[in-house]
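Each remark here refers to the structure printed beneath this line.
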Amino acid sequence: MAEITAASSSSSVVPCSFFSPALTSETPSDMDLIRSLLRLSHEISLFDAPCPILMRHHSSIARKSRLLAILFDELLLQQDPYTDVIKLPRSASLCFHEIFVVLQRFKSLLTECSSRSRMRFILLCDSLANDFYELTLDLSTLLSMLPISDLRLSDDVRDHVDLLRCQCSRSTPTVDPDVSALRREILAIIHEIELEIVPDRSRLAAILHNLGLNDSSSCRREIECLEREIGERVSDKWTPAMISFVGVVQYAKCVLYGASTPRSDSRTGKLYFAGFDSGSSPAGGAPPDFRCPISLDLMHDPVVVSSGQTFDRESIARWISAGHITCPSTGQTLRHTNLIPNRALKNLISLWCREQNVPYALYGPGEPAVSGGSENKAALEAARMTAAFLVQKLSSSPSTETTIRIVHELRQLAKTQSENRAFIAEAGAVPLLLRFLCSNDPSLQLNAVTTLLNLSILESNKRRIMRADGSLDAVIHVMSNDGTWQAKENAATLLLSLTSIHSYRRRIGENHSAVAELVKLVRNGPVSTKIDAMVAILSLARDRKNAPLLVEEGVLEAVLDAFAFEEAAESATAVITALLKRGGALAVEKLESKDTAAKLVGVLRRGTDGARDNAAAALVVLCRHSGGGVVAEVVRRPGIEMVIREMMGCGTERGRRKAAALGRICRRWVAGSQQGPLQRDIELADGGAGLEDI
């Protein structure tokens with residue numbers, strides 16, 4: 001026992017009292033221990049090699065495990081036929097407990113390797129070789145301490161144990177020369193791409209073959225694994241090379257194996273883009289609240305503006321610097337341009353990304369090159385080459401099936417990085433994609449409109465889309481034909497994206513067909529489609545010249561019907577408020593003739609904060625400009641005074657202001673309806689506030 005303790009202290013083996021239950025009250029019997037060792041050695045010997053790079057290490061471990069299995073088989077034959085137990089010497093039992101720990105660590109290392117990217121093996125091969133060496137050295141030390149002479153083994157088994165001990169003792173932490181050569185070749189390819197040299201196809205094929213990436217699906221898994229590891233910063237030293245290799249694999253996959261086949265997805269709902277659309281995200285798309293309303297990208301620095309709406313800092317700062325003084329979501333004038341960090345939302349986004357294995361840091365602004373590909377020369381050039389290759393293939397009029405795969409690949413490429421969106425558009429993809437919007441194939445139409453939606457995030461691409469022949473007609477066709485609701489939603493969102501440029505907002509708003517199709521989506525679509533269409537209409541309503549056409553096309557009636565859906569109430573009340581603000585007497589007249597006041601009061605009672613704010617603002621305008629009928633209807637609503645008081649006390653800043661104005665109007669009407677001209681009293685009650693304050 002003293003000999004074993006001394007030997008253990010001089011080796012790298014951790015004392016058994018730390019790892020194993022050998023000195024605890026729950027010590028397993030020797031029979032259970034040997035059976036567990038036999039089972040574990042079989043599992044390791046049958047473990048599939050994670051990739052060709054690890055074949056040498058895997059084969060070595062498998063051979064050693066098979067030799068150990070022979071030893072454990074022999075020991076099981078020594079069990080007492082009457083008691084069904086094995087009695088091992090105390091020193092041997094302690095050694096076997098430690099061997100069990102080492103084998104568990106071998107298994108854990110192999111399991112961990114199964115989830116690693118191939119490129120990580122290549123770049124960190126020195127560290128990996130050292131991990132296997134240290135475990136082998138631990139096993140060698142334990143085998144040398146094992147009292148073989150006390151175990152009553154046959155000569156053959158003794159020879160196997162001696163062979164295993166010799167094999168372990170001769171182990172060295174050297175890296176396979178082939179792996180080192182492969183790493184040099186990969187780094188050389190990356191350097192050539194940095195110099196804008198298109199890599200030779202045969203060299204790419206050889207690299208991917210040696211990595212075990214033999215089809216599109218294995219390449220896609222490698223890319224996803226690399227992106228996860230980049231986000232987790234597994235190695236700051238090699239992260240730039242890993243980012244570069246993502247681009248290399250993406251390019252090689254398209255050149256060698258063709259565009260990926262779209263993965264089927266039976267889920268319904270909006271196809272989110274900019275990195276997490278339902279075709280690729282592990283969660284089927286990031287939650288809408290985690291996306292910036294301007295860029296539709298995942299927010300990495302959310303901030304709150306004076307209207308109470310949240311945007312990504314980069315997007316809203318660009319909006320304000322362009323001279324806009326209104327909130328992009330609500331259309332109300334910003335009282336100041338201070339941006340308040342929304343740390344709670346940022347923490348929620350970060351938590352969601354960790355839970356979904358999404359590399360959140362990869363998309364963060366202002367990060368060094370190791371956190372994303374936007375400053376990585378090789379990654380950028382590889383993306384440019386990939387975009388050019390795919391667009392060239394698309395222009396050669398391939399079959400419908402191939403076209404769907406290419407457009408889907410372009411959609412995937414356009415999900416992240418502004419540079420990727422620029423490369424695709426610069427290669428001439430926009431006219432080709434617009435042509436497919438009129439396709440009779442639902443999958444092709446959906447992929448094409450989603451790709452254009454992704455591309456439109458970049459402002460220069462908005463111009464490319466709007467200047468292309470027949471672009472607006474093609475988008476309207478998607479909303480009007482019998483395609484999928486997802487395609488219709490994305491077409492409506494594409495119009496929303498295009499309307500961020502003022503001249504395009506007016507051009508689209510003056511198009512009767514575009515407005516009519518948006519109204520149809522509000523009337524007939526599922527809730528998610530209604531919301532997308534109303535948000536697009538809200539953007540059009542920001543231009544005062546568009547408002548009369550929107551009213552004439554029946555927007556108000558369609559939006560009022562959407563009040564029946566709780567999820568759509570906020571968007572619906574925002575449209576009502578915007579059209580009241582800019583639609584003039586015609587909008588007031590139409591709303592006054594409907595049961596509008598009752599519906600708006602219902603939103604005041606049960607809506608979200610944003611919906612209640614908009615409903616209060618709409619009621620203030622209606623009361624001021626419609627005469628006594630609307631005020632009387634509001635006052636007659638049961639409990640309206642309590643609702644207004646609750647908003648004044650607990651609502652948002654905007655909600656409190658609008659609730660106070662509405663309360664003053666109602667009180668003045670009650671007091672003044674018998675004393676004087678109603679309209680004058682209402683205006684005085686509202687303090688003479690202008691419409692710009694809505």
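Summary table below
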| read-out | value |
| --- | --- |
| Matching residues in segment 157-191 - criterion: being closer than 24 Å to Leu137 by Cα, outside any loop (DSSP other than H, G, I, E, B), without any contact (Cβ under 8 Å) to a residue 60 or more places away in the chain and open to solvent by 50 Å² or more (accessible area, probe 1.4 Å) | Arg158, Asp159, Asp162, Arg165, Cys166, Ser169, Pro177, Asp178 |
| Residues of segment 497-532 classified as within 26 Å of the chain's Cα centre (by Cα), closer than 23 Å to Glu459 by Cα and modelled with pLDDT under 90, total | 4 |
| Residue count, segment 192-216 (criterion: polar (S, T, N, Q) and in contact (Cβ under 8 Å) with a residue 24 or more places away in the chain) | 2 |
| Filtered residues of segment 192-204 (kept if open to solvent by 40 Å² or more (accessible area, probe 1.4 Å), over 17 Å from Ile243 (Cβ atoms) and in a helix (DSSP H, G or I)) | Arg201, Ser202, Arg203 |
| Residue ID - surrounded by the most Cβ atoms within 10 Å (Cβ to Cβ), chosen from residues in segment 205-248 that are among the acidic types (Asp, Glu) and in a helix (DSSP H, G or I) | Glu222 |
| Filter result for the condition that a residue is among the hydrophobic types (A, V, I, L, M, F, W, C), in contact with a Ser or Thr (Cβ under 7 Å, 6 or more places away or on another chain) and either surrounded by fewer than 24 Cβ atoms within 10 Å (Cβ to Cβ) or within 24 Å of Thr326 (Cβ to Cβ) (or both), over Ala659, Ala617, Ala598 | Ala617 |
| Residue among Ser8, Ser25, Ser20, Ser36 that alone is touching a Pro at 6+ places or on another chain (Cβ under 9 Å) and at pLDDT below 80 | Ser8 |
| Elements of type helices (runs of 4 or more DSSP H) contained in segment 37-154, each with 1 or more residues being farther than 30 Å from Val249 by Cβ | 55-76, 90-114, 125-145 |
| Single residue of segment 121-151 satisfying the filter (of a type in the set (Gly, Ala, Ser) and within 41 Å of the chain's Cα centre (by Cα)) that is most open to solvent (accessible area, probe 1.4 Å) | Ser127 |
| Segment 511-530 residues that are within 10 Å of Glu489 (Cα to Cα), paired with ones that are modelled with pLDDT under 90 and not hydrophobic (A, V, I, L, M, F, W, C) (beta carbon under 6 Å, 6 or more apart) | Leu521/Thr529; Ser528/Gly269; Ser528/Lys270 |
| Identity of the residue in segment 294-326, polar (S, T, N, Q) and over 22 Å from the mean Cα position of the chain (by Cα), that ends up most open to solvent (accessible area, probe 1.4 Å) | Ser321 |
| So Leu580, is it within 29 Å of Val643 (Cα to Cα) and in a helix (DSSP H, G or I) | yes |
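The values are calculated or read from the model by the stated rules, or taken from the named source; none is laboratory data. Since the model is a prediction, treat every value here as computed from it, not as a measurement. Here the Cβ is made from the backbone with ideal geometry for all residues, glycine too, and neighbour counts use every protein chain on show. Accessible surface areas use protein heavy atoms only, side chains included; no ligands, DNA or RNA. Shrake-Rupley method; radii C 1.70, N 1.55, O 1.52, S 1.80 Å.
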